[in-house]
Amino acid sequence: MWNSPVGRVRAAGLVEGVSALILFFVAMPLKYLSGMPELGKEVVFWVGAIHGGLFVAYALITFTAWGQGALRARHVGMAAVASIIPFGPFVIDRKLKAFEDANAPAAPVA
């Protein structure tokens, strides 16, 4: 997965997607529903900061792949929309995988 620009976009998207789910379904409920708002506030701060860094890394990796000609503008747009929707990176991963497989260089014939 890490061997191609599209593979790196897919991997970064999956990591960013997991961090979003942790933020939404672990850290935020801890803050608002646990009865421990101070602990939850601290957890949301740190998980949110990590998620923010991963979000920026995802954007940079996606734009780098586009700049290298490995992605089309349509895929960059899909990645941008997917990055703000819960479960979005997991949904577009299949489309990026299909695109990656369709555009993979042919294996040399021996």
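The values are calculated or read from the model by the stated rules, or taken from the named source; none is laboratory data. From a predicted model like this one, the values you see are computed outputs, not experimental measurements. Cβ sites come from the backbone with ideal geometry, for glycine too, and all protein chains shown count toward neighbours.
Of the candidates Gly17, Gly7, the single residue that is touching a residue at least 40 places away in the same chain (Cβ under 8 Å), surrounded by 16 or more Cβ atoms within 10 Å (Cβ to Cβ) and out of contact with any Pro (no Cβ under 9 Å at 6 or more places or on another chain) is Gly7.
To keep it simple, each residue is scored yes or no on (1) touching a residue at least 12 places away in the same chain (Cβ under 8 Å); (2) more than 10 Å from the chain's Cα centre (by Cα); (3) surrounded by fewer than 18 Cβ atoms within 10 Å (Cβ to Cβ); (4) not in a helix (DSSP H, G or I).
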position	(1), (2), (3), (4)
Asn3	no, yes, yes, yes
Gly13	yes, no, no, no
Leu23	yes, yes, no, no
Ala49	no, yes, yes, no
Val56	no, no, yes, no
Gly69	no, yes, yes, yes
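Checked against the criterion of being over 30 Å from Pro105 (Cβ atoms), surrounded by fewer than 17 Cβ atoms within 10 Å (Cβ to Cβ) and at pLDDT below 95, the candidates Lys41, Lys31 yield just one match: Lys41.
What about Lys31, is it on the phi < 0 side of the Ramachandran plot, touching a His at 6+ places or on another chain (Cβ under 9 Å), in a helix (DSSP H, G or I) and among the basic types (Lys, Arg)?
On the way: on the phi < 0 side of the Ramachandran plot: yes; touching a His at 6+ places or on another chain (Cβ under 9 Å): no; in a helix (DSSP H, G or I): yes; among the basic types (Lys, Arg): yes.
So Lys31 does not fit the description; no.
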